[in-house]
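Structure, as structure tokens:
The values are calculated or read from the model by the stated rules, or taken from the named source; none is laboratory data. In this text, all values refer to a predicted model and were calculated from it rather than measured experimentally. Cβ placement follows ideal geometry from the backbone for every residue including glycine, while neighbour counts extend to all protein chains displayed. Surface areas here come from the heavy atoms of the whole protein model, side chains and all, with no ligands, DNA or RNA. Shrake-Rupley method; radii C 1.70, N 1.55, O 1.52, S 1.80 Å.
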Amino acid sequence: MAAASFTAAKFLAPVAARSGGDRAPQLPASARPRRGAQQQQPRLRTALAVSSDVLAGNKAAAAQPAVTREEALELYEDMVLGRIFEDMCAQMYYRGKMFGFVHLYNGQEAVSTGFIKLLNQADCVVSTYRDHVHALSKGVPPRSVMAELFGKATGCCRGQGGSMHMFSAPHNLLGGFAFIGEGIPVATGAAFAAKYRHEVLKQSGPDGLDVTLAFFGDGTCNNGQFFECLNMAQLWKLPIVFVVENNLWAIGMSHLRATSDPEIWKKGPAFGMPGVHVDGMDVLKVREVAKEAIERARRGEGPTLVECETYRFRGHSLADPDELRKPDEKSHYAARDPITALKKYIIEQNLATESELKSIEKTIDDVVEEAVEFADASPHPPRSQLLENVFADPKGFGIGPDGKYRCEDPKFTQGTAQV
């Protein structure tokens, strides 16, 4: 599918927007204007929504976006890091080094890299339970992510977050969130804070507003928080991009069976914001769409909904035997591996040689191996850490059998008291 430049087409008012020229539904007789009444004609206006299919014949939109050698190598390095890191996570999980549910990102790297590598340090990312690679793309060191997965004190959340709750204040990674849709209100709040800093406190940088990316999957897009936050973000013109990583499956539920209209991007214009569909297996196409959406937000022009159609190469989690998806479907998308496609593009465009790319892969191998060694050698958190980040006021732990506040008992504070 061609990448969509979403300022170049026209369409009917959002309620009647269609892709592929579908006819608007006919009103029932009781709802039609009475004979002789003045009928208002639908107005054409500048496009707020366009899917890749609409622009399939537009050669300018379909052209592969140009990248420099430095940009191409940055993209390749980030995607390879995500893939090798996740493959190592699978090994460590099956060796008993990680616990709980671990959801891997293999196959979806073009989305994380295509969006996050365009951000500034001050910009925010809000992720899902499939958050390791988002953290890496935002700059969280691999050793900190791996240590967190190992539940060690040197992890980015000191071992208290684990796989689904990556967080790093210095990198403005505001979390993985275990429940679907849970992060979207947080991301909307972060975007509101950015606008408040810009308009009220006059604290924004020279480039404009700080931007927030909210990542979530296709299974989230029928949840109430999704619609509420789209409405609020458009109402207040918040600097946020809603990024749907549509990997076609919500655990074991096919996207096509779960929603009345599988074209998620159409839900953007229902609220008056641009909605874009892009091939999420092509990092250059993702990057092209992401660049325009981020720049719109930074200029204060409001939110964008971007649907990235992608595919995960592993089961929903490492505990999932992945028996529901058909083998031919999986092989079809495996043949469209985004890393293989970018590697082919780089070599064909003479941006780098194969030996240079192999050197990058070797370096990443070493980085990930070092991250495992670091995580394995790191200490576990002390028991006393269990009591931190629970209550703002430690008196919230209540009163013990002796009638005193539990927080006043040294053994309780150290995590050694019998409760």
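Side notes on the structure shown:
- Taking the criterion of being under 30 Å from residue 198 (Cβ atoms) and not acidic (Asp, Glu), the residues of segment 239-265 that qualify are 239, 240, 241, 242, 243, 244, 264, 265.
- Qualifying residue in segment 32-55 (condition: in a loop (DSSP other than H, G, I, E, B), under 21 Å from the mean Cα position of the chain (by Cα) and modelled with pLDDT of 95 or more): no
- Residues of segment 79-94 that turn out to be surrounded by fewer than 21 Cβ atoms within 10 Å (Cβ to Cβ) and more than 11 Å from residue 368 (Cα to Cα), as a count: 5
- Residue 223 fulfils the conditions (1) crowded, with 18+ Cβ neighbours inside 10 Å; (2) over 13 Å from residue 303 (Cα atoms); (3) within 18 Å of the chain's Cα centre (by Cα) except for a single criterion, (1).
- Residues in segment 57-77 that are open to solvent by 70 Å² or more (accessible area, probe 1.4 Å) and at pLDDT below 95 were compared, and the one that is farthest from residue 352 (Cα to Cα) is 57.
- Annotation note: of 199, 148, 182, the sole residue that is among the acidic types (Asp, Glu) and open to solvent by less than 20 Å² (accessible area, probe 1.4 Å) is 148.
- When the helices (runs of 4 or more DSSP H) confined to segment 78-182 are screened for residues that are within 23 Å of residue 296 (Cβ to Cβ) and not small (Gly, Ala, Ser), those reaching at least 2 such residues are found at 109-116.
- The residues of segment 386-395 that are in contact with a Gly (Cβ under 9 Å, 6 or more places away or on another chain) and either in contact (Cβ under 8 Å) with a residue 12 or more places away in the chain or in a helix (DSSP H, G or I) (or both), listed by number, are 386, 387.
- When segment 396-416 is filtered for residues that are at pLDDT below 90, under 41 Å from the mean Cα position of the chain (by Cα) and in a loop (DSSP other than H, G, I, E, B), the ones remaining, listed by number, are 414, 415, 416.
- Restricting 336, 314, 299 to those that are in contact with a Leu (Cβ under 6 Å, 6 or more places away or on another chain) and modelled with pLDDT of 95 or more reduces the list to 314.
- Here segment 373-385 is the region considered, the condition is being in a helix (DSSP H, G or I) and in contact (Cβ under 8 Å) with a residue 12 or more places away in the chain, and the residue that is surrounded by the most Cβ atoms within 10 Å (Cβ to Cβ) is 375.
- Applying the condition of being closer than 15 Å to residue 100 by Cβ and among the aliphatic types (A, V, I, L, M) to segment 310-328 and asking which residue is surrounded by the most Cβ atoms within 10 Å (Cβ to Cβ) yields 318.
- The set of residues in segment 361-372 that are closer than 19 Å to residue 140 by Cβ and loosely packed, with under 12 Cβ neighbours inside 10 Å contains only 366.
- As a summary of the residue check, residue 398 satisfies the conditions (1) touching a strand residue (DSSP E or B) at 6+ places or on another chain (Cβ under 9 Å); (2) touching a residue at least 12 places away in the same chain (Cβ under 8 Å); (3) open to solvent by less than 40 Å² (accessible area, probe 1.4 Å) except for the one numbered (2).
- Residues of segment 100-145 classified as polar (S, T, N, Q), open to solvent by 10 Å² or more (accessible area, probe 1.4 Å) and more than 23 Å from residue 370 (Cβ to Cβ), total: 3
- Helices (runs of 4 or more DSSP H) fully within segment 241-348 counting 2 or more residues that are more than 18 Å from residue 107 (Cβ to Cβ) and either in contact (Cβ under 8 Å) with a residue 60 or more places away in the chain or in contact with a His (Cβ under 9 Å, 6 or more places away or on another chain) (or both): 283-298
- Taking each residue of segment 190-216 that is over 23 Å from residue 228 (Cα atoms) and looking for partners that are crowded, with 24+ Cβ neighbours inside 10 Å and not hydroxyl-bearing (Ser, Thr, Tyr) with beta-carbon atoms closer than 7 Å, six or more apart or interchain, yields 198/209; 204/210.
- Screening segment 253-282 for residues that are open to solvent by less than 50 Å² (accessible area, probe 1.4 Å) and basic (Lys, Arg) and picking the one that is farthest from residue 235 (Cα to Cα) gives 266.
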